[in-house]
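The structure appears right after this line, and notes come after that.
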Amino acid sequence: EADIYQTPRYLVIGTGKKITLECSQTMGHDKMYWYQQDPGMELHLIHYSYGVNSTEKGDLSSESTVSRIRTEHFPLTLESARPSHTSQYLCASSEWADEKLFFGSGTQLSVL
Amino acid sequence: QKEVEQNSGPLSVPEGAIASLNCTYSDRGSQSFFWYRQYSGKSPELIMFIYSNGDKEDGRFTAQLNKASQYVSLLIRDSQPSDSATYLCAVGSGGYQKVTFGIGTKLQVIP
């Protein structure tokens, strides 16, 4: 079944640790996105990709980095986690000529 | 001024009533308009999209678009308690640009 997967679902980690949030999709989509969402707030785009070897920064400044080595995989990395990084991170994908987004189940990150 | 504005609510309606959710946007060049439903603790799910002025119906949901007024709405007929969620309005400029989300309106359907 075509889907978009995020792991882990929840992550509690100490300050200064390096973390990678995983996102994979079997939708066959070219475009992939990372959004950040805090409770009661809008989704903010932090990274997006049009395809392999394409990565762009979104509207919200983020200390995270992303890579797109394979079409189906779009991991997000934080080199040194801080409490200000505590948030929900949502991965999404869409077809090349479409803006309909399909979201993964999200990763709730808590940095102590 | 925010790019996509929604009343955060909560909007409370009795079961069986029509829920009306509204959204305004600032970019006149916007081409595509979406409504997502987000249950508490879950990720957004696309429920409606509309590209042209007028109404678009899908089951109990109707999306309405008025580009001249820069206004999008979502009507939910025969509201059910299972419709209780936050409804996110999203606007895109078409093609390769980003989609911008509103803050969402929390809907509570009272049995």
*Exactly one condition in (1) within 14 Å of another protein chain (Cβ to nearest Cβ); (2) within 10 Å of the chain's Cα centre (by Cα) is not met by B:Tyr39; state its number.*
(2)
_region B:60-80 residues that are crowded, with 18+ Cβ neighbours inside 10 Å, paired with ones that are acidic (Asp, Glu) and not in a strand (DSSP E or B) (beta carbon under 8 Å, 6 or more apart)_ = B:Ile76/B:Asp83; B:Ser79/B:Glu15
*Only residues that are part of a loop (DSSP other than H, G, I, E, B), hydrophobic (A, V, I, L, M, F, W, C), more than 14 Å from chain B (Cβ to nearest Cβ) and touching a residue at least 40 places away in the same chain (Cβ under 8 Å): list them for region A:53-112, please.*
A:Phe74, A:Ala81, A:Leu112
*If you check B:Ser40 against the conditions, is it farther than 25 Å from A:Asp3 by Cβ, surrounded by fewer than 15 Cβ atoms within 10 Å (Cβ to Cβ) and of a type outside the set (Lys, Arg)?*
no
*Could you list, in sequence order, all residues of region B:6-36 that are of a type outside the set (Ser, Thr, Tyr), in contact with a strand residue (DSSP E or B) (Cβ under 6 Å, 6 or more places away or on another chain), farther than 11 Å from B:Gly104 by Cβ and within 14 Å of chain A (Cβ to nearest Cβ)?*
B:Phe33, B:Phe34
*Among A:Met27, A:Met32, which is the only one that is under 15 Å from A:Ser105 (Cα atoms), touching a strand residue (DSSP E or B) at 6+ places or on another chain (Cβ under 6 Å), assigned to a loop (DSSP other than H, G, I, E, B) and of a type outside the set (Gly, Ala, Ser)?*
A:Met27
*Residues in region B:43-57: is at least one within 24 Å of A:Lys57 (Cα to Cα) and either in contact with a Cys (Cβ under 7 Å, 6 or more places away or on another chain) or buried (at least 18 other Cβ atoms within 10 Å of the Cβ) (or both)?*
yes
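Values quoted throughout were computed directly from the atomic coordinates according to the rules given, and no laboratory measurement underlies them. Everything numeric here is computed off the predicted structure, so don't read it as measured data. Positions of Cβ are backbone-derived with ideal geometry, glycine not excepted, and every protein chain shown enters the neighbour counts.
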